[in-house]
Amino acid sequence: MEVNQVLDAKGLACPMPIVRTKKAMDTLQLGQVLEVQVTDKGALSDIPAWATSGGHQILDQSTEADVIKFFIKKG
């Protein structure tokens, strides 16, 4: 999977991961992919809900140690 931008939102608490994700997505073109790295467990439900409501697609999600990674395709 080609990632166009990586957003490091580790250590940030809600709502900052969503705020930073929205700002990063605004800089991408349609179809490009953003990798978001977070440590806030609330993001497990917040980011997919935000992506769906914004017309974006979660391509993949994984957890390594305490870091949760989302791969979001701009829709």
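Between helix 16-26 and the chain, what is the angle of the helix's C-alpha long axis to the longest principal axis, kept within 0 to 90° and rounded to the nearest 10? Its long axis makes an angle of about 10 degrees.
The residues neighbouring residue 19, those whose beta-carbon lies less than 15 Å from its own, together hold a net charge of 0 under the Lys/Arg +1, Asp/Glu -1 convention. A Cβ-based charge dipole, computed about the Cα centre of the chain with Lys and Arg at +1 and Asp and Glu at -1, lands at about 220 debye. Pairs of lysine residues in the chain that meet both criteria, 8 or more places apart or on different chains and Cα atoms under 16 Å apart, total 10. From helices alone, the chain scores -9000 deg cm²/dmol at 222 nm; the rule is -39500 (n - 2.57) for each run of n ≥ 4 DSSP H residues, then divide by the residue total. A DSSP coil position with no more than 10 other Cβ atoms inside 10 Å describes the following GluC sites (Glu not before Pro) in segment 1-68: 2.
Give, as a single signed number, the net charge of other residues whose beta carbon lies under 11 Å from the beta carbon of residue 61, with Lys and Arg counted +1 and Asp and Glu -1. Numbers along the way, then the final one.
On the way: positive: 69; negative: 35, 60.
Charge balance in the 11 Å sphere: -1.
Looking at the chain, the trypsin sites (Lys or Arg not before Pro) that sit in a DSSP loop and have at most 14 other Cβ atoms within 10 Å of their own Cβ are 10, 41.
Taking the C-alpha atoms only, the angle from helix 43-53 to the longest principal axis of the chain is near 20 degrees. Here's how it looks for residue 56: its modeled amide H is under 5 Å from those of 75, which are all 5 or more places away or on a different chain. Once Rg and the Kirkwood radius are both taken over the C-alpha atoms of the chain, their ratio Rg/Rh works out to 0.91.
Laboratory data are not the source of any read-out in this text; all were calculated from the coordinates shown. What you see is a predicted model, and the numbers here were worked out from it, not measured in a lab. Reconstructed Cβ throughout: ideal geometry from the backbone, glycine too, with neighbour counts over all protein chains shown.
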